[in-house]
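Asks: Submitted below is the structure of interest, expressed as structure tokens.
The values are calculated or read from the model by the stated rules, or taken from the named source; none is laboratory data. Small disclaimer: the values here were computed from a predicted structure and weren't measured. Glycine also receives a Cβ, built like all others from the backbone with ideal geometry; neighbour counts cover every protein chain displayed. Please note that ligands, DNA and RNA were not included when accessible areas were found on the heavy atoms of the full protein model with its side chains. Shrake-Rupley method; radii C 1.70, N 1.55, O 1.52, S 1.80 Å.
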Amino acid sequence: QVQLVESGGDLVKPGDSLTLSCAASGFTMDYYAVAWFRQAPGNEREGIACITQGEQKTSYSDSVKGRFTVRRNNAKNSAFLLMHSLKTEDTGVYYCATLAYSCSADGSQIGPASAFYRWGQGTQVIVSA
């Protein structure tokens, strides 16, 4: 079955680190860019990190740049989001998604969300003191 499965979400404190995983099955992740989106309660889904196919160029939203790192392991058909210096505003449901080659279908850094055609079900991250 073709699917993406996120894991690693947790309840953490501000300043903590956390790594999220995205495991692909039924298809080869190597052929796609992999992005991470998050959705906080009451907000739109936001693209926060992405890594392209091939050259593996990375893109980040201003809200996470310098704190989050996206990586991929094509041999293991997986991608990861390494989060550091977490803030309460990082709270939300995190999703991985794939798009052919690049991280954008509209000229933006990451997105739009509607262009990504394979999604996981999300993993919840709560950052609270």
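Asks: Being open to solvent by 30 Å² or more (accessible area, probe 1.4 Å), in contact (Cβ under 8 Å) with a residue 12 or more places away in the chain and of a type in the set (Asp, Glu) is true for just one of Glu6, Glu46. Which residue is that?
Replies: From the options Glu6, Glu46, the qualifying one is Glu46.
Asks: Being without any contact (Cβ under 8 Å) to a residue 12 or more places away in the chain and either of a type in the set (A, V, I, L, M) or under 17 Å from Tyr117 (Cα atoms) (or both): is that true of Ala75 here?
Replies: Considered against the rule, which asks whether it is without any contact (Cβ under 8 Å) to a residue 12 or more places away in the chain and either of a type in the set (A, V, I, L, M) or under 17 Å from Tyr117 (Cα atoms) (or both), Ala75 comes out as yes.
Asks: Then there is this: Out of curiosity, is Arg38 within 13 Å of Val127 (Cβ to Cβ), more than 12 Å from the chain's Cα centre (by Cα) and open to solvent by less than 70 Å² (accessible area, probe 1.4 Å)?
Replies: Criteria not met by Arg38.
Asks: Could you say which residue among Lys13, Lys57 is loosely packed, with under 13 Cβ neighbours inside 10 Å, farther than 22 Å from Gln124 by Cβ and among the basic types (Lys, Arg)?
Replies: Numbers: Lys13 fails: farther than 22 Å from Gln124 by Cβ.
Answer to the selection: Lys57.
Asks: Which of the residues belonging to the stretch 87-109 are buried (at least 21 other Cβ atoms within 10 Å of the Cβ) and more than 17 Å from Tyr31 (Cα to Cα)?
Replies: Within the stretch 87-109, Asp90, Gly92, Tyr94, Tyr95 qualify.
Asks: Of a type outside the set (D, E, K, R), farther than 11 Å from Tyr94 by Cβ and in contact (Cβ under 8 Å) with a residue 60 or more places away in the chain: does that describe Cys22?
Replies: no
Asks: Quick test of your reading of the structure: Gln124 fulfils all but one of (1) part of a strand (DSSP E or B); (2) crowded, with 16+ Cβ neighbours inside 10 Å. Name the failing condition by number.
Replies: It fails just one condition, (2).
Asks: Ok, one more. Only one of (1) touching a strand residue (DSSP E or B) at 6+ places or on another chain (Cβ under 7 Å); (2) more than 27 Å from Thr28 (Cβ to Cβ); (3) surrounded by fewer than 21 Cβ atoms within 10 Å (Cβ to Cβ) fails for Gly66. Which number is that?
Replies: (1)
Asks: Being of a type in the set (A, V, I, L, M) and assigned to a loop (DSSP other than H, G, I, E, B) narrows it down to one of Leu86, Leu20, Leu81, so name that one.
Replies: None of the other options fit; the residue is Leu86.
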